[in-house]
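S.K.: Here it is: the structure, laid out below.
The values are calculated or read from the model by the stated rules, or taken from the named source; none is laboratory data. All values reported here derive from a predicted model rather than from experimental measurement. In this analysis, Cβ positions are derived from the backbone assuming ideal geometry, glycine residues included, and neighbour counts consider all displayed protein chains. The area values use the complete protein model at the heavy-atom level, side chains included, leaving out ligands, DNA and RNA. Shrake-Rupley method; radii C 1.70, N 1.55, O 1.52, S 1.80 Å.
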Amino acid sequence: MSNKPIDMDIAHVAKLARLALTDDEAAQFAAQFAHLFTYIRQLQELDVDTIPATAQVIPLRNVMRDDIVTPSLERDAALGNAPDWEGPYFRTPRILE
Amino acid sequence: MTRVLGAAQAVAYEPVIGLEVHVELATESKMFCGCRNRFGAEPNTLVCPVCLGLPGSLPVVNRRAVELVCKTGLALGCSIAHVSKFDRKNYFYPDMPKNYQISQYDMPLATGGAVTLPSGKRIRLTRIHLEEDTGKNIHGGGAMAAASATLVDYNRAGVPLMEIVSQPDLTSPDEAGEYLAALKAVLSYLGVSDVKMHEGSLRCDANVSLRPVGTQDVGTKIEIKNMNSFRSVVRALQYEIQRQTDVLRAGERVVQETRTWDEERGLTYATRSKEQAHDYRYFPDPDLVPLHLDDEIVAAWRAELPELPLAKRDRFLAAYGLSRYEADLLTGERTTAEFFEAVVAHCGEPKAAANWLLGDVRRALDKHGLTLDATRMRPEHLATLICQVRDGVVSGRAAKEVCEILVRDGRHPAEVVAERNLAQVSDRVAIEALVGEVIAANPESVAAYRTGKAKAFEFLVGQAMKASRGRANVELVRTALRARLG
């Protein structure tokens with residue numbers, strides 16, 4: 001098992017998550033992530049070839065609903081939960097395509 | 001002779017094209033909630049806590065949507081996954097209120113398969129997966145642009161969306177058009193979508209790169225978006241192939257990017273990416289449990305597949321003695337094909353049924369802005385009309401008039417013929433009288449005919465038909481005229 005520290009681009013991850021980090025915060029998170037990776041890296045010591053990959057730990061499958069229409073919200077109620085709206089629309093700061 | 005070889009000599013390039021087609025599924029309700037799946041409703045009236053991503057709400061998979069994707073996969077020869085799951089595709093853009101779209105990353109419902117073109121060429125598929133559609137952003141224009149805001153309608157957010165990804169097997173813009181038409185035909189036969197490109201229920205992105213003819217090189221891939229019709233897909237690809245050819249011939253390199261098709265200006269331009277990093281950080285959606293599809297359910301879906309367009313076309317060719325052209329047109333849409341067969345079942349005249357459906361019926365539908373689905377004309381009505389023409393009850397010309405009324409009003413032909421007095425006149429005494437009148441009224445043409453002018457005869461036939469409002473039996477008119485003129 002490699003003990004090389006994992007290099008993580010904190011600035012990139014912060015940008016993807018739309019987080020504005022100070023330099024101090026970035027350094028703090030980098031250290032914490034390194035710690036996490038070291039912990040998770042223990043898995044590499046185990047033989048998992050015979051264990052099927054899983055995306056869920058809940059012992060359920062095929063939870064589905066029939067294709068039946070149920071009532072939607074009143075528009076005023078839907079819009080009223082948002083910070084901003086205009087006429088029948090939700091309103092956000094302008095985005096460029 | 002001096003001639004510089006190399007730089008001045010144009011290298012020939014060939015395009016390598018792949019298509020990504022998004023299809024909104026024709027379910028009653030949305031993918032993960034019970035809001036109605038409908039185009040054109042008032043903004044934000046088909047929304048609920050689930051499709052608005054409100055805290056504490058949980059998605060539940062629409063069983064019918066899974067079935068429709070799997071049936072599409074089976075119809076296209078895909079393998080259906082035994083185990084499949086949903087993943088979150090994360091990005092910040094207000095077309096999804098959750099800041100992620102539920103999609104499928106590494107375990108799609110269907111893989112492999114192919115779309116077969118009319119030529120027989122198979123365009124291989126990579127995969128078909130199921131996801132949710134996004135909301136609609138309304139940008140700028142007038143006061144809103146000044147107000148620097150974007151308005152959002154979430155009616156479409158959460159509508160079941162099937163993505164069909166082809167391999168880069170297409171080698172020309174026209175072939176891309178054929179692929180879309182063939183795929184659309186299969187989808188409409190299956191009834192999985194209403195496949196209306198102008199309403200966005202079928203959307204297409206294209207990937208295109210160039211390579212020197214005859215090589216297996218992989219060129220830089222350009223993605224084109226925003227094409228709103230089959231025709232614009234073909235045009236955008238033509239434009240983009242020419243643009244890339246010009247870039248390469250100028251000795252420059254094609255830059256990998258996404259480009260937007262501008263229908264009005266007929267060109268593509270580089271798009272500003274909505275997520276520059278293209279790092280969607282997919283991970284399994286913890287709110288949704290996996291799907292396990294056993295052989296039994298897949299076999300049941302397979303058994304429910306209808307006859308598909310190409311199989312139907314081949315059967316029409318063999319069973320009805322139609323031309324390839326007629327068979328292609330009749331089987332392009334399931335409603336047309338089924339209408340045709342219902343007409344034939346009633347009157348047993350396949351050739352005439354094809355002629356009427358592809359000719360006068362289609363013209364009348366276009367004229368009145370109708371489709372075969374929307375008209376009240378019944379197949380047995382058209383079959384009756386075809387029999388009436390065959391049996392000489394109405395003339396071909398009068399039948400055209402009747403046909404339009406059938407298409408427009410959905411009435412029985414016998415009723416229309418009686419009401420409009422369009423029954424063909426085959427009574428000898430009446431025809432004799434009619435011919436007598438025409439001869440008396442056109443002495444010059446009679447004289448011309450007698451001096452050997454054949455055209456004059458046709459003129460007299462025309463006059464007789466006109467005088468009878470198209471009702472006279474034209475063969476009897478000809479016989480009577482010949483007899484009288486000697």
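S.K.: Tell me the residue from B:Ala464, B:Ala483, B:Ala456 that is more than 23 Å from B:Asn421 (Cβ to Cβ), small (Gly, Ala, Ser) and open to solvent by less than 50 Å² (accessible area, probe 1.4 Å), please.
M.R.: B:Ala456
S.K.: What is the residue count in segment B:45-94 for residues that are under 29 Å from the mean Cα position of the chain (by Cα), part of a loop (DSSP other than H, G, I, E, B) and within 11 Å of chain A (Cβ to nearest Cβ)?
M.R.: The total comes to 1.
S.K.: Something else about it: Would you check if there is a residue in segment B:358-371 being outside the structural domain of B:Gly56 (by TED's automatic domain parsing), of a type in the set (Ser, Thr, Tyr) and assigned to a helix (DSSP H, G or I)?
M.R.: Looking through segment B:358-371, none of the residues is outside the structural domain of B:Gly56 (by TED's automatic domain parsing), of a type in the set (Ser, Thr, Tyr) and assigned to a helix (DSSP H, G or I).
S.K.: Restricting the search to segment B:410-421, which residues are in contact (Cβ under 8 Å) with a residue 24 or more places away in the chain and surrounded by fewer than 23 Cβ atoms within 10 Å (Cβ to Cβ)?
M.R.: Scanning segment B:410-421 gives B:Gly410, B:Arg411, B:His412, B:Ala414, B:Asn421.
S.K.: If you go through segment B:224-257, how many residues are surrounded by fewer than 18 Cβ atoms within 10 Å (Cβ to Cβ) and touching an Asp or Glu at 6+ places or on another chain (Cβ under 7 Å)?
M.R.: Going through segment B:224-257 one residue at a time, the tally reaches 2.
S.K.: I need a count of the residues in segment B:371-395 that are in contact (Cβ under 8 Å) with a residue 60 or more places away in the chain and surrounded by fewer than 20 Cβ atoms within 10 Å (Cβ to Cβ).
M.R.: Residues in segment B:371-395 being in contact (Cβ under 8 Å) with a residue 60 or more places away in the chain and surrounded by fewer than 20 Cβ atoms within 10 Å (Cβ to Cβ): 1 in total.
S.K.: So if I check each of A:Pro59, A:Pro71, A:Pro52, A:Pro93, which one is loosely packed, with under 12 Cβ neighbours inside 10 Å and touching a Cys at 6+ places or on another chain (Cβ under 9 Å)? If you could, list the steps in order and put the result at the bottom.
M.R.: Working: A:Pro59 fails: touching a Cys at 6+ places or on another chain (Cβ under 9 Å); A:Pro52 fails: touching a Cys at 6+ places or on another chain (Cβ under 9 Å); A:Pro93 fails: touching a Cys at 6+ places or on another chain (Cβ under 9 Å).
Exactly one residue qualifies, and that residue is A:Pro71.
S.K.: Here's something else I'd like to know. Any residue in segment B:242-270 that's farther than 26 Å from B:Arg203 by Cα and modelled with pLDDT of 95 or more: show its pairings with residues that are assigned to a helix (DSSP H, G or I) and open to solvent by less than 30 Å² (accessible area, probe 1.4 Å) at Cβ separation under 7 Å, as long as the two are six or more apart or on different chains.
M.R.: Taking only residues 6 or more apart or on different chains, not a single pair turns up.
S.K.: Please go through segment B:102-113 and give me each residue that is more than 9 Å from chain A (Cβ to nearest Cβ) and open to solvent by 10 Å² or more (accessible area, probe 1.4 Å), ordered by number.
M.R.: B:Tyr105, B:Asp106, B:Pro108, B:Thr111, B:Gly112, B:Gly113, listed by residue number.
S.K.: Further question: What pairs can you find where one residue is in segment B:441-456 and over 15 Å from B:Arg482 (Cβ atoms) and at pLDDT 90 or above, the other is surrounded by 11 or more Cβ atoms within 10 Å (Cβ to Cβ) and of a type in the set (D, E, K, R), and their Cβ atoms are less than 6 Å apart, with a gap of 6+ or different chains?
M.R.: Nothing qualifies.
S.K.: Follow-up. Condition (residue is outside the structural domain of B:Leu476 (by TED's automatic domain parsing), open to solvent by 40 Å² or more (accessible area, probe 1.4 Å) and under 13 Å from B:Met465 (Cα atoms)) applied to segment B:397-409: is it met by at least one residue?
M.R.: First, the residues of segment B:397-409 that are outside the structural domain of B:Leu476 (by TED's automatic domain parsing): B:397-409.
So of that shortlist, the ones also open to solvent by 40 Å² or more (accessible area, probe 1.4 Å) come out as B:397, B:400-401, B:404, B:408-409.
If we keep only those that are under 13 Å from B:Met465 (Cα atoms) as well, we get B:397.
Among the residues of segment B:397-409, at least one is outside the structural domain of B:Leu476 (by TED's automatic domain parsing), open to solvent by 40 Å² or more (accessible area, probe 1.4 Å) and under 13 Å from B:Met465 (Cα atoms), which makes the answer yes.
S.K.: Still on this model: Tell me, please, whether a residue that is of a type in the set (Lys, Arg) and outside the structural domain of B:Ala182 (by TED's automatic domain parsing) can be found in segment B:72-89.
M.R.: no
S.K.: So, B:Phe39, is that one of a type in the set (A, V, I, L, M, F, W, C), open to solvent by 20 Å² or more (accessible area, probe 1.4 Å), at the interface with chain A (Cβ under 9 Å from one of its Cβ atoms) and under 24 Å from B:Asn226 (Cα atoms) or not?
M.R.: Details: of a type in the set (A, V, I, L, M, F, W, C): yes; open to solvent by 20 Å² or more (accessible area, probe 1.4 Å): yes; at the interface with chain A (Cβ under 9 Å from one of its Cβ atoms): no; under 24 Å from B:Asn226 (Cα atoms): yes.
Spelling it out, it is not the case that B:Phe39 is of a type in the set (A, V, I, L, M, F, W, C), open to solvent by 20 Å² or more (accessible area, probe 1.4 Å), at the interface with chain A (Cβ under 9 Å from one of its Cβ atoms) and under 24 Å from B:Asn226 (Cα atoms).
S.K.: Which one of the conditions (1) within 14 Å of chain A (Cβ to nearest Cβ); (2) out of contact with any Asp or Glu (no Cβ under 9 Å at 6 or more places or on another chain); (3) charged (D, E, K, R) does B:Asp285 fail to meet, given that it meets all the rest?
M.R.: Unmet for B:Asp285, out of (1) within 14 Å of chain A (Cβ to nearest Cβ); (2) out of contact with any Asp or Glu (no Cβ under 9 Å at 6 or more places or on another chain); (3) charged (D, E, K, R): (2).
Okay, residues lined up against (1) outside any loop (DSSP other than H, G, I, E, B); (2) assigned by TED's automatic domain parsing to the domain that holds B:Met31; (3) touching a His at 6+ places or on another chain (Cβ under 9 Å):
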position: B:Ile102; (1), (2), (3): yes, yes, no
position: B:Asp106; (1), (2), (3): no, yes, no
position: B:Val115; (1), (2), (3): yes, yes, no
position: B:Arg124; (1), (2), (3): yes, yes, no
position: B:Ile128; (1), (2), (3): yes, yes, no
position: B:Leu151; (1), (2), (3): yes, yes, yes
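S.K.: Then there is this: Among what's in segment B:16-30 and is open to solvent by less than 30 Å² (accessible area, probe 1.4 Å) and facing another protein chain (nearest Cβ under 10 Å), pick the residue that is nearest to the chain's Cα centre (by Cα).
M.R.: Checking each candidate, the answer is B:Leu25.
S.K.: For segment B:89-104, does any single residue satisfy the condition of being acidic (Asp, Glu) and modelled with pLDDT of 95 or more? Spell out the reasoning first.
M.R.: First, pick out the residues of segment B:89-104 that are acidic (Asp, Glu): B:95.
Those still in the list that are modelled with pLDDT of 95 or more too: none.
No, that holds for no residue.
S.K.: Of everything in segment A:14-69, what is over 30 Å from B:Asn37 (Cβ atoms), of a type in the set (D, E, K, R) and not in a helix (DSSP H, G or I)? Give them in sequence order.
M.R.: A:Arg18, A:Asp47, A:Asp49 - these are the residues of segment A:14-69 that are over 30 Å from B:Asn37 (Cβ atoms), of a type in the set (D, E, K, R) and not in a helix (DSSP H, G or I).
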